[in-house]
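Let me begin by presenting the structure, written as structure tokens, before commenting on it.
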Amino acid sequence: MLISDLMSSPVRACRPEDTISYARNLMLKHRISRVLVMDGQIMTGIITRKDIGYRLKSSDPAWRRRSSDNEPVSSVMTPDIITISPGSSIHDALVLMVTHQISGLPVVDQGMILGMVTKSDMMRSPLVAGFDRPVNGVMHDVYQVTREHSVDRVIDLMQSGCGTVVVTGDDGSVSGIISESDLTFAQEGRDMPAKLLAGDIMHAPVFTIEETARTGDVIRAMAEKHITSLIITNEQGLKGIITRDDIIGEVVL
């Protein structure tokens, strides 16, 4: 299987001068996580949900905060774009994604943009779908916050590499989960951003799987529920978390 077999098209794009709100609405409308930034026929950058979501972090008090919705895409986009050719292998794409810590690659052939391939696409490939190991050998520790923790704290944890943060109650039970998508759309429609808390942006329900499961079970559950992480539990309760990135990282190794 080649990249051309998995890529999606057409590729959604915006201009450098378009607003962050416009790019975010494209993501919401088309259920995508990234938008190319085009200046005419030239790729000048790429903007992702992460780029938008991390803009919520601020040390300013609430009264000094302002929405970034009307700022140009060029202020947050990543200018250095890593691309891949349609004839490349799935393994080549996975190596690029893991090495550069990115989740999507524009597919380009002789200067023409043919499509986009993402980690979600990779999960449908035989290389990843056939990966089968005990979950407890792939999962990692859960990064936890309470409902009262600030979004700044959540972003700090995500930037440290955890990707997904679990919100727990006073008794240690799982109340919700926060992903990069939750950050991206947290301020939608807010003219004067407040100092948001974890409880304001978390989502539920939280999907779980037993510690005795295998990665094949996880991959199928992620595809069925359209999610990128699963909480691992055992008789004692919360045990860990396994994410799409955990699985892909193991496949590359």
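Among the residues of segment 15-28, the ones that are basic (K, R) and modelled with pLDDT of 95 or more come to 1 in all. Exactly one residue out of L94, L105 is modelled with pLDDT of 95 or more, over 14 Å from D245 (Cα atoms) and not assigned by TED's automatic domain parsing to the domain that holds S181: that is L105. Of all residues in segment 146-156, at least one satisfies being under 24 Å from M97 (Cα atoms) and buried (at least 17 other Cβ atoms within 10 Å of the Cβ).
Taking segment 145-162 as the range and being outside any loop (DSSP other than H, G, I, E, B) and out of contact with any helix residue (DSSP H, G or I) (no Cβ under 9 Å at 6 or more places or on another chain) as the test, the residues that pass are D156, L157. Within segment 59-85, the set of residues being at pLDDT 65 or above, under 15 Å from A186 (Cβ atoms) and out of contact with any helix residue (DSSP H, G or I) (no Cβ under 7 Å at 6 or more places or on another chain) comprises S67 only. The residues listed here are L114, L94, L105; of these, the one that is of a type in the set (A, V, I, L, M), part of a helix (DSSP H, G or I) and either under 30 Å from I42 (Cα atoms) or within 17 Å of the chain's Cα centre (by Cα) (or both) is L94. Note on segment 27-47: among residues that are among the aliphatic types (A, V, I, L, M) and closer than 12 Å to F185 by Cα, the one that is surrounded by the fewest Cβ atoms within 10 Å (Cβ to Cβ) is L28.
Listed conditions (1) touching a residue at least 40 places away in the same chain (Cβ under 8 Å); (2) surrounded by fewer than 20 Cβ atoms within 10 Å (Cβ to Cβ); (3) more than 19 Å from I52 (Cα to Cα) are all met by G169, apart from (1).
Let me confirm something: among I242, I227, which residue is buried (at least 18 other Cβ atoms within 10 Å of the Cβ) and in contact (Cβ under 8 Å) with a residue 12 or more places away in the chain? Answer to the selection: I242.
What residue, among those in segment 117-143 that are assigned to a strand (DSSP E or B) and modelled with pLDDT of 95 or more, is surrounded by the fewest Cβ atoms within 10 Å (Cβ to Cβ)? Among residues in segment 117-143 that are assigned to a strand (DSSP E or B) and modelled with pLDDT of 95 or more, the one surrounded by the fewest Cβ atoms within 10 Å (Cβ to Cβ) is P134. Suppose we filter segment 131-157 for residues that are under 19 Å from I248 (Cα atoms) and either free of Cβ contacts under 8 Å to residues at least 60 places away in the same chain or hydroxyl-bearing (S, T, Y) (or both); how many remain? Of the residues in that region, 1 qualify. Within segment 184-206, the residues that satisfy the criterion of being at pLDDT 90 or above and either small (G, A, S) or within 17 Å of the chain's Cα centre (by Cα) (or both) are A198, G199, I201, M202, H203, A204, V206. Screening T99, T48 for residues that are under 30 Å from E250 (Cβ atoms) and without any contact (Cβ under 8 Å) to a residue 12 or more places away in the chain leaves exactly one candidate, T99.
The values are calculated or read from the model by the stated rules, or taken from the named source; none is laboratory data. What you are looking at is a predicted structure, and each value in this text was computed from that prediction instead of being measured. Quick reminder, even Gly has a Cβ in these numbers, built from the backbone with ideal geometry, and neighbours come from all protein chains shown.
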